[in-house]
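Worksheet for the structure shown next.
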Amino acid sequence: MVLTYYYPHWTGLSVYARRLAEGLARRGHQVTVLTSRYWDELSAQEDHNGVHIVRLKRLMRLSRGIVQPSFPFAAYRLIKQADVVQIHTPLLESALVTTLANRFRKPVVFTHHGDLVMPERPFDQFVEWSVTRLMRQALKGSARITIHTEDYADNSPFLSPFKHKLAYILPPVEIPSPLPEQVLAWRRELNLDENKLVGFAGRFVEEKGFDYLLKAIPYVLERMPNVRFVYAGEVNVAYEAFYQRWRHLVERWRDQIIMLGLLRQEQSVANFYAMCDVLALPSRTDCFPMVQVEAMLCGTPAVATDIPGLRVPIKLTQMGLLVPARNERALADGLVEVLMHRERYVKSRAEIEAVFDLEETLDAYEQLMQSLL
């Protein structure tokens, strides 16, 4: 497996890759991950939960990517040893990986986590154009392309020329059950016993649309003054200063917003979801955020924008409400509706697990990779 960020990095893409890698390792496969040494204190090689991790020294960051001078040599060696190569994109080196794999006649599975959408600044737009062009070349050299949902693929100009290669596999989602005593204690510690809680989670970047949630706050409070908004995630993202543009609204509503920071322990993440009464996903674009399904597994419904990919979990489970994108008033209406009539939208964990089954996802990947040998 090749990707820019892997364990202990904590984003949807890196967690997806880790769950898949460790799941295949549990089934007896030898899995090696080639990734970047994005923090200097990380070891160059490590075995974690049955997966061998090779981390390459970074020279510099390039927007969301990392330049690794030794990458071609390490990729050459590892691809030559492998049976199947999987790349998780967006990935700066995707075209190089498929070129090397094709040279050794090793099949490539191109796992797409969403079209690259960058802010409207000239440099970012140049990065988007360049990396997308390289990834399109990688698509041509890949044996199969996995995407989370047909809904997203049908609306992606990037994927549309390659529909004959597509395989639709739901993400590998798993999360421990929340611990009620810890959830209640956390609420008490934050002085939130008497409040309704709207949760939001993820990187504070433009595509996540958290600015629309900040703008929706007064419309929610107008009808439900006891609501508080709880955020779990990173605000200081190295490649995008989006939080700084909207910090004035965070300050404006500082008495209503609780910032928890990035939660790295899965039990803490599960307790966070259970602490919230509803999860808000106001994204501009989003292929398939796993936080939505994780929240559902912890008993928390979602309000999400009605956009390709993002809308699929709610459509499959009915555990939440879809609202128009880029519309703070519609978002506020959706949040108030779910908060006021929450019992209409809550499903059992068993019902959600019947739709999003980790073992079925591993089966699908295992069968796909075996079919390419």
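Taken together, the values in this text are just the output of simple stated rules run on the coordinates, not laboratory data. This structure is a prediction, so every number in the text was calculated from the model and none was measured. Quick reminder, even Gly has a Cβ in these numbers, built from the backbone with ideal geometry, and neighbours come from all protein chains shown.
Counting alpha carbon pairs within less than 8 Å and at least 6 residues apart, what relative contact order, in whole percent, applies to segment 1-90?
Details: 125 pairs, mean separation 25.5, N = 90.
Computed value for segment 1-90: 28 percent relative contact order.
For residue 311, what charge total do you get from the other residues with a beta carbon under 15 Å from its beta carbon, if Lys and Arg give +1 and Asp and Glu give -1? Could the numbers behind the result be given before it?
Numbers: positive: 284, 315, 326; negative: 150, 151, 154, 286, 306.
Local net charge: -2.
Report, please, the projected area of segment 180-355 averaged over directions, based on the convex hull of its C-alpha atoms, in nm².
Numbers: hull surface 37.6 nm².
Dividing the Cα hull surface by four gives the mean projection, 9.4 nm².
What whole number of Å gives the distance from the Cα centroid of segment 207-224 to the Cα centroid of segment 4-34?
A separation of 35 Å, based on Cα centres.
Lys and Arg at +1, Asp and Glu at -1: add these up for the other residues within a Cβ distance under 12 Å of residue 177 and post the number.
Values: positive: 349; negative: 174, 266, 294, 353.
Summing Lys/Arg as +1 and Asp/Glu as -1 gives -3.
Under 21 Å Cα-Cα from residue 140, which lysines qualify once same-chain neighbours fewer than 8 residues away are excluded?
Of all the lysines, those that pass the test against residue 140 - Cα under 21 Å, at least 8 places apart if same chain - are 80, 106, 163, 165.
To make sure I understand, if each residue's beta carbon is the centre and we count other beta carbons within 10 Å, what order do 70, 63 fall in, fewest to most? Intermediate values should be presented prior to the final figure.
On the way: 70 11, 63 19.
Fewest-to-most ranking of 70, 63: 70, 63.
Kindly rank 72-82, 258-268 from highest to lowest mean number of other beta carbons found within 10 Å of each residue.
Numbers: 72-82: 15.2, 258-268: 13.2.
Output ranking for 72-82, 258-268: 72-82, 258-268.
Angle, helix 12-26 long axis vs. longest principal axis of the chain, Cα atoms, 0 to 90°, nearest 10?
60 degrees
Hey, for a label at residue 266 modelled as a point 7 Å past Cα toward Cβ, could you say which residues of segment 338-369 have their backbone N under 13 Å away?
358-359
Helix 266-275 sits at what angle to the longest principal axis of the chain, using alpha carbons and giving 0 to 90 degrees rounded to 10?
Compared with the principal axis, the helix lies near 30 degrees.
By DSSP, what percent of the beta bridges with both residues in the chain are antiparallel, rounded to the nearest 5? Don't skip to the answer; put the middle values down first.
On the way: 8 of 47 bridges.
Bridges in the chain that DSSP calls antiparallel: roughly 15 percent.
If you take every residue apart from residue 117 with its C-beta less than 9 Å away from the C-beta of residue 117, what net charge results, scoring Lys and Arg +1 and Asp and Glu -1?
Its environment carries a net charge of -3.
Is the shape of segment 166-274 best called rounded, prolate or oblate, per the rule: a/c under 1.5 gives rounded, else a/b larger than b/c gives prolate, else oblate, with a ≥ b ≥ c the square roots of the Cα gyration tensor eigenvalues? Working shown, then result.
On the way: a/c = 1.71, a/b = 1.05, b/c = 1.62.
Taking the square roots of the gyration eigenvalues as a ≥ b ≥ c, segment 166-274 is oblate.
Which percentage, to the nearest 5, of the DSSP beta bridges contained in segment 180-355 is antiparallel?
Numbers: 1 of 20 bridges.
Rounded to the nearest five, the antiparallel share is 5 percent.
If you rank 287, 298 by fewest surrounding Cβ atoms within 10 Å, what's the result? Working shown, then result.
Numbers: 287 26, 298 23.
Ascending number of Cβ neighbours within 10 Å: 298, 287.
Which order, highest average first, do 93-104, 154-165 follow once you tally other Cβ atoms within 10 Å for each residue and take the mean per peptide?
Values: 93-104: 20.1, 154-165: 13.9.
So the order, starting with the most tightly packed, is 93-104, 154-165.
Note down the nm distance, to one decimal, between modelled labels 7 Å out along Cα→Cβ at residue 76 and at residue 193.
So the label points at residue 76 and residue 193 sit 6.6 nm apart.
Among 51-59, 220-228, how do they line up from the highest to the lowest mean number of other beta-carbon atoms within 10 Å?
Numbers: 51-59: 18.1, 220-228: 15.9.
Most protected by this proxy first, the peptides run 51-59, 220-228.
Rounded to the nearest 500 deg cm²/dmol, what is the calculated helix-only ellipticity per residue at 222 nm for the chain, with -39500 (n - 2.57) per DSSP H run of length n ≥ 4? Walk me through the intermediate numbers first.
Working: 14 runs with 155 residues, N = 373.
It lands at -12500 deg cm²/dmol.
Hey, fewest Cβ within 10 Å first, where do 215, 140, 208 land in order?
Values: 215 17, 140 13, 208 22.
Lowest count first: 140, 215, 208.
How many nm separate the modelled label positions at residue 370 and residue 137, each set 7 Å beyond the Cα in the direction of the Cβ?
3.6 nm
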